[in-house]
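One structure is given below, encoded as structure tokens.
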Amino acid sequence: MIRLHHVPFSRSFRVLWLLEELGLDFEIQQYDIRDGSLRGRFQELSPAGRVPALEIDGMTLFESGAIHEYLCERHAGAGLGRAPGVPSRPRFLELLHFAETMASCIEQLNLQRIFLRDPAQASAVVIKLVTARLAGTLAGMERMLDGRDYLLEDGFSAADTMMGFNLFAAPYYVRLDPFPELAAYRDRIAGRPGYQRARARDGAQSFYTRDFYPLPGTEG
Ligand SMILES: N[C@@H](CCC(=O)N[C@@H](CS)C(=O)NCC(=O)O)C(=O)O
């Protein structure tokens, strides 16, 4: 039995998508990020009370990047990881971790713009700074694509399920118009049957109430 502990439209989507790309049978236990259900007993599965957590092979794993490496090794024949010795391995590892450099910017913006109980406590300076830093990571990803269909030159991989999810959350804060490679890449990954199966099981996100959050002082 494989069970994914999941919040719709959160980083646990990366694992949901990878499980679908691997064609595995699994259950989903869904949580609401705001109702306290990620605290208390759940922290026996994930110490900081974060998703994803994955029950598999008699244990529970947390951290989406670690889960990606484990699943890729467990299903090496599917070719979604890059084993030691494969030329694209260094770039594969880099991307698994770069995904969190980008996601940490999205997370800070979510905290400032969505989750603060009192929106007046948000800092315009922090929002502007972190939005610029998020744009910087997107510009870096745009350069890395460099005309390729997927992030690695040797084809689709779990680096795409790690990084790709970010491209569905980042546009709430940074428009993708200046990044044509990213926009085309996002459409390409969204067209994959594995992505579509994952999206069908994801559940509705409940935190973004607008399509785009402009910088403070530029709304109007
Ligand atoms: N580095 C972790 C981050 C996990 C994480 O922060 N997940 C968020 C959802 S995107 C979460 O569970 N947040 C709940 C909270 O902060 O209370 C990973 O990649 O798995």
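Being over 25 Å from ILE28 (Cβ atoms), small (Gly, Ala, Ser), modelled with pLDDT of 95 or more and out of contact with any helix residue (DSSP H, G or I) (no Cβ under 7 Å at 6 or more places or on another chain) holds for only one residue in GLY220, GLY191, GLY140, and it is GLY140.
Report yes if GLY65 is in contact with a helix residue (DSSP H, G or I) (Cβ under 7 Å, 6 or more places away or on another chain), assigned to a loop (DSSP other than H, G, I, E, B) and surrounded by 12 or more Cβ atoms within 10 Å (Cβ to Cβ), otherwise no. Spelling it out, it is not the case that GLY65 is in contact with a helix residue (DSSP H, G or I) (Cβ under 7 Å, 6 or more places away or on another chain), assigned to a loop (DSSP other than H, G, I, E, B) and surrounded by 12 or more Cβ atoms within 10 Å (Cβ to Cβ).
Scanning the range 57-116 for residues that are within 11 Å of the ligand (Cβ to nearest atom) and within 20 Å of GLY23 (Cα to Cα) yields LEU61, SER64, GLY65, ALA66, ILE67, HIS68. Among the conditions (1) under 17 Å from GLY203 (Cα atoms); (2) away from the ligand (no atom under 13 Å from the Cβ); (3) of a type outside the set (A, V, I, L, M); (4) surrounded by fewer than 20 Cβ atoms within 10 Å (Cβ to Cβ), the only one that ASP25 does not satisfy is (1).
Among the criteria (1) over 26 Å from LEU151 (Cβ atoms); (2) acidic (Asp, Glu); (3) near the ligand (Cβ under 10 Å from one of its atoms), the one ASP32 does not fulfil is (3).
The residue pairs whose first member lies in the range 72-83 and is among the acidic types (Asp, Glu), whose second member is buried (at least 21 other Cβ atoms within 10 Å of the Cβ), and whose beta carbons are closer than 9 Å, counting only pairs six or more residues apart or on different chains, are GLU73/GLY81.
Restricting the first member to the range 14-26 and to residues that are assigned by TED's automatic domain parsing to the domain that holds LEU54 and farther than 19 Å from LEU167 by Cβ, and the second to residues that are of a type in the set (Phe, Trp, Tyr) and in a loop (DSSP other than H, G, I, E, B), the beta-carbon pairs closer than 7 Å and six or more apart or on different chains are LEU19/PHE26. Residues in the range 98-154 that are within 15 Å of the chain's Cα centre (by Cα) and over 26 Å from ARG50 (Cα atoms): how many? Number of matching residues: 1.
Contact annotation: residue pairs with Cβ atoms under 6 Å, 6 or more positions apart or on different chains, pairing a residue in the range 97-111 that is of a type in the set (Gly, Ala, Ser) and assigned to a helix (DSSP H, G or I) with a partner that is modelled with pLDDT of 95 or more and more than 8 Å from the ligand (Cβ to nearest atom), are ALA99/MET162; ALA99/MET163; ALA103/ASN166.
The values are calculated or read from the model by the stated rules, or taken from the named source; none is laboratory data. The model shown is predicted, which means the values in this text are computed figures rather than measured ones. Cβ: placed from backbone, ideal geometry, glycine included. Neighbour counts: every protein chain shown.
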